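Below is one structure, written out as structure tokens; the observations come after it.
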Amino acid sequence: MHILGLANGSIGGNSTILLKAALQSAKTSHPSTTTSWIHIPSLSYPPNAGPLSHAQDVSMGANAGNNVDGSSASLNTVIDDRRALYESIMDADALIFSTAVYSHQAAGWLKAVLDKVLGPYTDPAFASRILAGQKNGEANFLAMSVDERILKPRVCGFLAVGGSTTPDQFTMALPTLHLLAYGLHVKVVDQEVMMGCANPGAVLHARDGGVMRRAEELGRRVASQMGKGFDEAAYLGPKVEGACPQCHLAKYDFFGGEEMRVGCVVCGNTGRFVVQGGKVEVQWDEESDYCCITWRGKEKHIDDIFKNGSAEWKGLQESKEKLQEWRDLDLGRLQLPSEQQAKVVSTLAQMRL
Ligand SMILES: Cc1cc2nc3c(=O)[nH]c(=O)nc-3n(C[C@H](O)[C@H](O)[C@H](O)COP(=O)(O)O)c2cc1C
């Protein structure tokens, strides 16, 4: 079984050292385990890149992603590493994310690249709909790309490290990591924030070695659950009072009303505040329709996208001219140096033809 590490901080810095500690102890505790890791900020890919070829078609036929014509403003000399990242994730049985905390959450490189590779492009509920549709010979699904590896069982662990010694500087660190991983239907086995490690290498002596030992423990826990399906793999991480049973974090959206409804900011799970014996507690719903971690929540989301997306698509067919007017409207978009250079190169290429 293979663990892929994703290091998301400075080269040789705290997040990388913690990742190595976790991977090494995973290997030692489960000797058949193999490991590899990727330094996320080193990934190269073109600006404004479209979806990877053969990515699941999330736009009901247009495969537009967020890039209308699939073009990139860059010169085509930028090497695209995203396929290598995607293949590594698909082949892995477990993932360990280890990130520096920037502005209270995982440093942005990770989100930027995973938004181009995972998310809807690897939505497992959508993948299983496509596979079922293809098995039943349904015309809509026959031509759709789907990667069956999306559905293989995976587990993961989260490590986040930052310089501050107070939790207010880490509020969104674990939430962001959950929201980058849930799309894979990966079971989170353990998660930890390491505070008070500012200088590169500080993790080595922090808490008298306790920070490194905690990363090693996370590695062993992840290895111990590898190969198990989402429902069989166990969460072995910290138990937080009032935590959501799905993401194991206690971060609330207060919806209010007579029932004092609450939502989990991280995964959308729902429940209500109750006052019992003078103490406020959260009563989580038995089975919520609105949780991006559960299969039920994922299916619900796909239903929503299918329904709303196809109605939207029909509406768009009737407003093509209006849409073009907005796209052509010139309000002074600055030409970036890279865009100007790309234009010159393409003009020269045309002159040579
Ligand atoms: C742009 C930037 C933003 C940061 N924001 C935070 C923060 O919000 N909370 C925190 O505790 N540390 C913050 N830090 C400190 C880093 O998280 C800390 O130095 C960490 O050890 C870096 O990990 P690395 O060595 O793997 O790069 C920030 C550092 C930088 C450069």
Item to check | Hits in region 194-204 (condition: surrounded by fewer than 20 Cβ atoms within 10 Å (Cβ to Cβ), within 9 Å of the ligand (Cβ to nearest atom) and not in a loop (DSSP other than H, G, I, E, B)) | outcome: ALA202
Next on the checklist: Among the residues in region 186-200, are any within 15 Å of the chain's Cα centre (by Cα) and over 19 Å from ALA22 (Cβ atoms)?
Outcome noted: no
Checklist entry - Is one or more of the residues making up region 268-281 in a helix (DSSP H, G or I) and within 27 Å of the chain's Cα centre (by Cα)? => result no
Checklist entry - From the set of residues in region 1-18 that are in contact with a strand residue (DSSP E or B) (Cβ under 6 Å, 6 or more places away or on another chain) and more than 9 Å from the ligand (Cβ to nearest atom), which is farthest from PHE97 (Cα to Cα)? => result HIS2
Checklist entry - Restricting attention to region 88-121, and to residues there that are in a helix (DSSP H, G or I) and in contact with a Lys or Arg (Cβ under 9 Å, 6 or more places away or on another chain), which single residue is surrounded by the fewest Cβ atoms within 10 Å (Cβ to Cβ)? => result ASP91
Item to check | Looking only at region 288-324, and only at residues there that are surrounded by 10 or more Cβ atoms within 10 Å (Cβ to Cβ) and acidic (Asp, Glu), the one that is modelled with the highest pLDDT | outcome: GLU299
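How many residues are away from the ligand (no atom under 16 Å from the Cβ) and surrounded by fewer than 19 Cβ atoms within 10 Å (Cβ to Cβ) if we restrict to region 19-45?
Number of matching residues: 10.
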Checklist outcome for this item: Checking PHE141, PHE170 in turn, the sole residue that is within 16 Å of the ligand (Cβ to nearest atom) and aromatic (Phe, Trp, Tyr) turns out to be PHE170
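The values are calculated or read from the model by the stated rules, or taken from the named source; none is laboratory data. Keep in mind that this is a model prediction, so the values were computed, not measured. Quick reminder, even Gly has a Cβ in these numbers, built from the backbone with ideal geometry, and neighbours come from all protein chains shown.
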